[in-house]
Amino acid sequence: MSITRRRFIQQSGIAAAAVMMPQMAHRQPPKPVKPVLDPNTLAAFVDPLPIPGVARSTELRPSPDDPKLKIPYYRLPMRQFQAKVHRDMKPTRLWGFGTSSPGPTLETESGKAMLVEWANELPREHFLPIDHSLHGAESDKPDVRSVIHTHGAKVPPESDGYPENWYVPGKSATYYYPNQQDATLLWYHDHTLGINRLNVLAGLLGLFIVRDPVEDALNLPRGKYEVPLVLCDRMFDLDSQLYYPVSQHSSKPWVPEFFGNAILVNGKLLPYLDVEPRKYRFRILNGANGRFFHLTLANGQSVSQIGTDQGLLPAPVTLKQVSLAPGERADLVLDFSDHAGEQIVLKNDFAAPIMQFRVSRTKVSDPSSLPAGLRPVPKIAESEAVKTRTLRLGEIDDLVQYPVTMLLNDKHWNAPVTEDPVLNSVEIWNLMNVTDDAHPIHLHLVRFQILDRRRFERFAYQYENILRYRGAAAAPEPGEAGWKDTVRADPGMVTRIIVKFEGFVGRYVWHCHILEHEDNEMMRPYDVIAGR
Ligand code: C2O
Ligand code: CU
Ligand code: CU
């Protein structure tokens with residue numbers, strides 16, 4: 001790897017903007033080769049926000065753990081359909097579950113197991129540009145294949161949706177979810193090796209909510225006052241169809257990141273939601289391929305963050321801005337009681353509108369609460385760790401500094417397993433980011449805590465093999481100080497996480513949740529192995 005000009009500029013601190021906003025990717029999106037729809041030309045806030053329906057179990061079936069026990073069985077068919085993302089656009093071809101994207105929400109209680117049959121009923125042709133030079137997507141593989149993973153679920157390995165366990169239209173897989181985990185918002189999405197970015201962009205994602213008595217006892221806003229918001233950025237052509245850019249090399253169409261100019265909320269562009277002047281609970285997922293969201297309310301109102309990826313925070317955190325990397329979730333309480341009659345826009349970054357809340361005028365009573373204490377999150381002591389692994393997040397560029405591939409610890413997907421924690425042991429993973437991008441790193445099966453982030457000298461590390469820190473370690477942000485399953489690893493930083501590998505023995509994966517990176521080698525298998 002040569003010292004590229006881009007890296008040199010980064011190191012010498014000239015690229016001030018990139019240094020100030022490490023979570024924003026430094027690269028410009030590739031220029032679309034055909035004209036794309038400009039959402040600013042559309043009427044804003046004309047469509048009501050859709051709420052994904054709740055999946056219904058059709059029958060009970062024997063539990064794989066205990067055949068005498070009957071557990072709910074669901075069948076979710078992946079299909080292609082047309083849907084309108086905006087009143088003034090033509091119907092868009094999408095992939096989803098049944099006839100919706102996001103698909104129906106699976107809802108369960110902690111400890112209540114279920115079976116889900118993920119049926120591939122997609123057409124045989126893909127409508128997005130497959131890169132057959134990527135590992136796992138070679139031309140001898142069928143174009144249309146899928147496998148569904150539930151992000152954040154503590155499941156046996158055979159139900160985790162291993163990226164190589166894809167199957168073609170006409171086939172299905174029935175997965176077992178024991179749901180032995182705390183209340184939180186999970187999500188399901190495609191995980192097919194080499195085309196995951198395209199399948200998710202086409203619409204193969206949905207929510208999965210786990211509830212439990214601890215959370216129920218808090219009396220948070222519920223029912224119609226609890227609203228999921230799935231955020232995804234997309235690009236549309238002038239015929240209202242999804243557009244995914246390609247590189248300049250026709251044999252290698254892969255692009256290093258996707259950033260769309262149209263942000264969908266639960267599948268709609270610029271929707272509105274009628275609300276009452278009272279508290280609401282919003283459960284937000286960043287379901288984008290590569291975009292980091294920085295959410296604010298246009299009236300300057302603050303929000304209370306009550307939970308993160310794997311459940312409730314110890315106490316609410318008051319924030320003016322909520323930042324979410326791809327794959328991360330935030331559980332928020334918003335109080336509209338002082339805003340009767342107002343129209344409040346939810347924005348991303350500095351100005352881009354996402355949706356509008358229309359607060360009704362009439363006073364209402366609000367029996368819900370926002371307790372000062374939510375759920376204890378006992379800290380895992382560093383002294384419990386039996387192993388510390390230092391794992392590099394790297395990128396290989398071509399001569400013009402265009403990334404060719406992204407690697408974890410310099411290893412490709414098909415190299416032998418190197419991460420092999422013992423079941424129930426605690427490990428510290430030092431995610432050492434030598435690239436110019438922030439990478440949201442996700443581990444399947446487990447939940448973890450962030451210890452800290454600390455800047456190091458990339459030059460000294462990469463070219464002299466010396467690890468020198470610059471400055472002190474920074475504690476996780478207040479909104480990250482709970483159980484996580486995805487962590488933002490900032491450029492030039494060592495991000496330390498502490499993980500207890502609980503649950504099951506077997507093969508899982510860990511990866512960057514920027515789907516373009518994940519599809520191009522930034523994913524590794526890992527094994528949880530039995531202790532002696
Ligand atoms: Cu959200 Cu491996 O995935
Ligand atoms: Cu996952
Ligand atoms: Cu990445």
Can you go through GLY482, GLY506 and tell me which one is small (Gly, Ala, Ser), away from ligand 3 (no atom under 14 Å from the Cβ) and surrounded by fewer than 22 Cβ atoms within 10 Å (Cβ to Cβ)? GLY506
Only residues that are of a type in the set (Asp, Glu) and either within 16 Å of ligand 2 (Cβ to nearest atom) or over 30 Å from ASP331 (Cα atoms) (or both): list them for segment 367-400, please. GLU395, ASP397, ASP398
Pick from THR486, THR495: which is hydroxyl-bearing (Ser, Thr, Tyr) and within 16 Å of ligand 1 (Cβ to nearest atom)? THR486
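Every residue, every condition in (1) out of contact with any Leu (no Cβ under 6 Å at 6 or more places or on another chain); (2) aromatic (Phe, Trp, Tyr); (3) crowded, with 23+ Cβ neighbours inside 10 Å, yes or no:
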residue	(1), (2), (3)
LEU285	yes, no, yes
ARG291	yes, no, yes
ALA325	yes, no, yes
ILE344	no, no, no
PHE350	yes, yes, no
Taking the residues in segment 62-121 that are under 19 Å from VAL210 (Cβ atoms), among the charged types (D, E, K, R) and modelled with pLDDT of 95 or more as candidates, determine which candidate is nearest to the chain's Cα centre (by Cα). GLU107
Take segment 121-158 and flag every residue that is surrounded by 22 or more Cβ atoms within 10 Å (Cβ to Cβ) and either part of a strand (DSSP E or B) or within 16 Å of ligand 2 (Cβ to nearest atom) (or both). SER146, VAL147, ILE148, HIS149, THR150, HIS151, GLY152, ALA153, LYS154, VAL155
Cβ-Cβ distance below 9 Å, separation of 6 or more or different chains: which pairs start in segment 147-168 with a residue that is in contact (Cβ under 8 Å) with a residue 60 or more places away in the chain and end on one that is near ligand 1 (Cβ under 9 Å from one of its atoms) and β-branched (Val, Ile, Thr)? HIS149/VAL509; HIS151/THR486; GLY152/THR486; ASP160/THR150; ASP160/VAL509; TYR162/VAL509; PRO163/VAL509
From the options ASP452, ASP519, ASP485, residue that is closer than 20 Å to GLN310 by Cβ and within 16 Å of ligand 2 (Cβ to nearest atom): ASP485
Determine, yes or no, whether ASN165 is crowded, with 21+ Cβ neighbours inside 10 Å, within 13 Å of ligand 1 (Cβ to nearest atom) and polar (S, T, N, Q). no
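Which fully enclosed strands (runs of 3 or more DSSP E) of segment 248-318 have 2 or more residues being among the hydroxyl-bearing types (Ser, Thr, Tyr)?
On the way: elements: 262-265, 271-275, 279-286, 293-297, 303-308.
Answer list for segment 248-318: 303-308.
If you check ALA438 against the conditions, is it in contact with a Phe, Trp or Tyr (Cβ under 8 Å, 6 or more places away or on another chain) and farther than 12 Å from VAL499 by Cβ?
Details: in contact with a Phe, Trp or Tyr (Cβ under 8 Å, 6 or more places away or on another chain): yes; farther than 12 Å from VAL499 by Cβ: yes.
Against the criterion (in contact with a Phe, Trp or Tyr (Cβ under 8 Å, 6 or more places away or on another chain) and farther than 12 Å from VAL499 by Cβ), ALA438 qualifies.
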Conditions first: (1) at negative phi; (2) in a loop (DSSP other than H, G, I, E, B). ARG392 passes all but one, so which condition is the exception? (2)
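Is it fair to say GLY194 is among the small types (Gly, Ala, Ser), in contact with a helix residue (DSSP H, G or I) (Cβ under 7 Å, 6 or more places away or on another chain) and crowded, with 24+ Cβ neighbours inside 10 Å? Give the derivation first.
Numbers: among the small types (Gly, Ala, Ser): yes; in contact with a helix residue (DSSP H, G or I) (Cβ under 7 Å, 6 or more places away or on another chain): yes; crowded, with 24+ Cβ neighbours inside 10 Å: yes.
Taking the combined requirement at face value, the residue satisfies it.
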Over segment 319-343, the set of residues in a loop (DSSP other than H, G, I, E, B) and more than 16 Å from ligand 1 (Cβ to nearest atom) is LYS320, GLN321, PHE336, SER337, ASP338, HIS339, ALA340, GLY341, GLU342
Screening LEU374, LEU346 for residues that are in a strand (DSSP E or B) and at pLDDT 95 or above leaves only LEU346
Of all residues in segment 505-516 being within 17 Å of the chain's Cα centre (by Cα) and not in a strand (DSSP E or B), the one that is nearest to ligand 2 (Cβ to nearest atom): HIS513
Name, by its number, the condition in (1) over 30 Å from ALA472 (Cβ atoms); (2) at pLDDT below 95; (3) surrounded by fewer than 19 Cβ atoms within 10 Å (Cβ to Cβ); (4) not aliphatic (A, V, I, L, M) that does not hold for ASP410. (1)
Taking first residues from segment 424-453 that are under 26 Å from TRP187 (Cα atoms) and within 16 Å of ligand 3 (Cβ to nearest atom) and second residues anywhere that are among the hydrophobic types (A, V, I, L, M, F, W, C) and in a loop (DSSP other than H, G, I, E, B), the pairs with Cβ under 6 Å that are 6 or more apart or on different chains are ASP437/ALA25; PRO440/ALA325
Going residue by residue through segment 254-277, is there one that turns out to be more than 21 Å from PRO104 (Cα to Cα), polar (S, T, N, Q) and over 24 Å from the mean Cα position of the chain (by Cα)? no
Of the residues in segment 173-186, those that are part of a strand (DSSP E or B) and either within 16 Å of ligand 2 (Cβ to nearest atom) or buried (at least 16 other Cβ atoms within 10 Å of the Cβ) (or both) come to ALA173, TYR175, TYR176, TYR177, THR184, LEU185, LEU186
Search result, residues across segment 460-474 that are of a type in the set (D, E, K, R) and either modelled with pLDDT of 95 or more or in contact with an Asp or Glu (Cβ under 8 Å, 6 or more places away or on another chain) (or both): ARG468, ARG470
Residue by residue through segment 305-348, note down the ones that are under 20 Å from CYS232 (Cβ atoms) and either aromatic (Phe, Trp, Tyr) or within 16 Å of ligand 2 (Cβ to nearest atom) (or both). THR308, ASP309, LEU324, ALA325, PRO326, GLY327, GLU328, ARG329
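The values are calculated or read from the model by the stated rules, or taken from the named source; none is laboratory data. Remember, predicted model here, so these are calculated numbers, not experimental data. Reconstructed Cβ throughout: ideal geometry from the backbone, glycine too, with neighbour counts over all protein chains shown.
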